[in-house]
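These notes are about the structure you will find just below.
The values are calculated or read from the model by the stated rules, or taken from the named source; none is laboratory data. Small disclaimer: the values here were computed from a predicted structure and weren't measured. Using ideal geometry, Cβ is built from the backbone for each residue, glycine included, and neighbour counts are taken over all protein chains shown. Remember, those area values only see protein heavy atoms, side chains included, never the ligands or the DNA or RNA. Shrake-Rupley method; radii C 1.70, N 1.55, O 1.52, S 1.80 Å.
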Amino acid sequence: MSTETMVQQFPLFINGQWTPVSSGETFDVINPATSEVVAKVAKASTQEVELAVQNARSTFDSGVWSQKTAAERAQVLIQFSNKIVEHAQEIIYLEAISSGGTIRKLAGADIQQLVLSLQQTAALALNYQYVETLPVFDALGASRNQIVREPLGVVAAITPWNFPLVLAMWKIAPALAMGNSIIVKPASNTPLGTLKLAEIAIEAGLPPGVFNVITGPGSTVGDSLVTHKEVDKVAFTGSTEVGRSIMKQASGTVKKVTLELGGKAPAIVLPDADLELAIPGILFGVFFHSGQVCESGTRLIVHDSIYEEVVEKLAAMTATIKVGNPLDLATGMGPVVSKQQMETILSYIESGIEEGARLVCGGKRATGPEVDNGYFIEPTIFAGVTNDMKIAREEIFGPVLSVIRYSTEEEAIAIANDTIYGLSGGIWSRDVVKANKIATKIKAGTIWINDWHMFRNDAPFGGYKQSGVGRELGKNVLDEYTEVKHVHTALTSENSQRPALGLLF
Ligand code: NAP
Ligand code: MG
């Protein structure tokens, strides 16, 4: 692997300009595939949060974006998507060297998702009902009653490191489409692509100050955004722990919040499952992006009658996954995001062994010339897992599958729902009628039947239970980025035609 990566410097991006921090402080961004420092990024303080919020606020109030027509805004969103295509190579590279995502994932899925997200949100915004006139309601006297949708104002997005750009775009696209200003606080492991995106947006014709990026620790920069009285909404994706804290902190100013949090998704394998489909599908569901996906199918609940066969076949196919340099097109699984994350995952693996689960494959940091310097973990499968073990209860966010045994369908559903999470779930079966019936009983925001990781922009994504609040994507996502106002206009100049006056006079 190349050892001559240039260390790039990244200031903040505020009001359409690269903006240094007054302290001059920076933090390192590390390539998890090599453990080399690849960039130094400005470490903002509350002073810069203030600057970003004031700029976003005055830009919003100026109307330069918020008062544009839906069509004018949609045009900029489309231009933004074109510019992303133009800059795709650089974006992919910045994402790869900071997040460890493979070129195959970034070029094959993420870039397309960014482009589609902008294009389809622009289309939704053009067809959005900004004003709805209600039918006449006699009891109010002659009047016109309208429901009007307005932008919220200043949105703060706090984003994680697993899909840094895609999860940022799920917030940026609807926020911009509805006329808001946005400040994105990316995860400190992976701020590079988001900073670049803000620069590209200017090139696409977005007015300065509409889309700002501020980098620095979540505990200070993130928290200042969440508690700032001029921030109208927080859109967050990350851990349930930080999500709880954000919800609490946001209550001080009664902010709107949407939260996309953790998961521990159950995948139920019925005795009649087509294993030709299920085995690769299950492995894709759990090992894609080294398991660093909140909706990964991490608890595999397999029927007694096929349990050993499934475990054996999973292990055999896992052996064919190429773990290695994410910049190599042959690589299926790259590193995990950081040394810290690697250590967390390894300690979960330890706990699985200690609690008596049977290690079927993997279980260690990967070794070899291509991976020795990075944070790579072998794809790991545990059999003999019970749902009370730590590896079945807590989100590991790494390439670790827990295989649990069941004998009755009721038992499988009970195990599936025995979790604080409810982001996703799935069923593998040839009987799709039965699978759909089970789908109604799983408490989760997305269900995949004989599939996994399938998203579309017009289908909502979000969690039941402690997996979140609100939804991203979907037909109604634009509602989440607007305020709603009822305007009543009296259409009479006669007091005799205002029945309510009789209540007083
Ligand atoms: P995290 O702490 O929840 O970080 C997510 C984002 O929140 C980052 O931008 C982070 O900034 C920021 N943040 C941290 N503390 C904050 C605070 N007190 N107030 C406001 N913002 C704050 O996630 P993590 O520590 O990187 O990962 C821990 C675990 O979270 C993972 O192991 C996984 O279980 C889960 N996770 C879930 C998702 C998901 O998609 N649902 C994504 C990533 C991680 P900094 O980066 O500067 O800390
Ligand atoms: Mg954290």
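Conditions tested, residue by residue: (1) crowded, with 23+ Cβ neighbours inside 10 Å; (2) closer than 24 Å to Thr419 by Cα.
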position: Lys256; (1), (2): no, no
position: Lys264; (1), (2): yes, yes
position: Val269; (1), (2): yes, yes
position: Asp274; (1), (2): no, no
position: Ile282; (1), (2): yes, yes
position: Leu300; (1), (2): yes, yes
position: Asp304; (1), (2): no, yes
position: Asp328; (1), (2): no, no
- Item | From Asn417, Asn436, Asn387, residue being in the same structural domain as Asp274 (by TED's automatic domain parsing), open to solvent by 70 Å² or more (accessible area, probe 1.4 Å) and polar (S, T, N, Q) | Asn436
- Task: Would you mind listing the helices (runs of 4 or more DSSP H) fully within region 10-115 where at least 3 residues are at pLDDT 95 or above and within 21 Å of the chain's Cα centre (by Cα)?
- Result: 70-86, 88-99
- Message: Of the residues Tyr481, Tyr421, Tyr464, only one is farther than 21 Å from Glu295 by Cα and among the aromatic types (Phe, Trp, Tyr); which?
- Response: Tyr481
- Task: From Ala187, Ala250, Ala201, grab the single residue that is near ligand 1 (Cβ under 7 Å from one of its atoms), open to solvent by less than 20 Å² (accessible area, probe 1.4 Å) and aliphatic (A, V, I, L, M).
- Result: Ala187
- Query: Somewhere in region 396-406, is a residue modelled with pLDDT of 95 or more, open to solvent by 10 Å² or more (accessible area, probe 1.4 Å) and in contact with an Asp or Glu (Cβ under 8 Å, 6 or more places away or on another chain)?
  - Reply: yes
- Starting from region 208-229, take each residue that is more than 13 Å from Thr19 (Cα to Cα) and list its partners that are aromatic (Phe, Trp, Tyr) and away from ligand 2 (no atom under 16 Å from the Cβ), counting only C-beta distances under 9 angstrom and pairs at least six apart or across chains. Val210/Phe60; Val210/Trp65; Phe211/Phe13
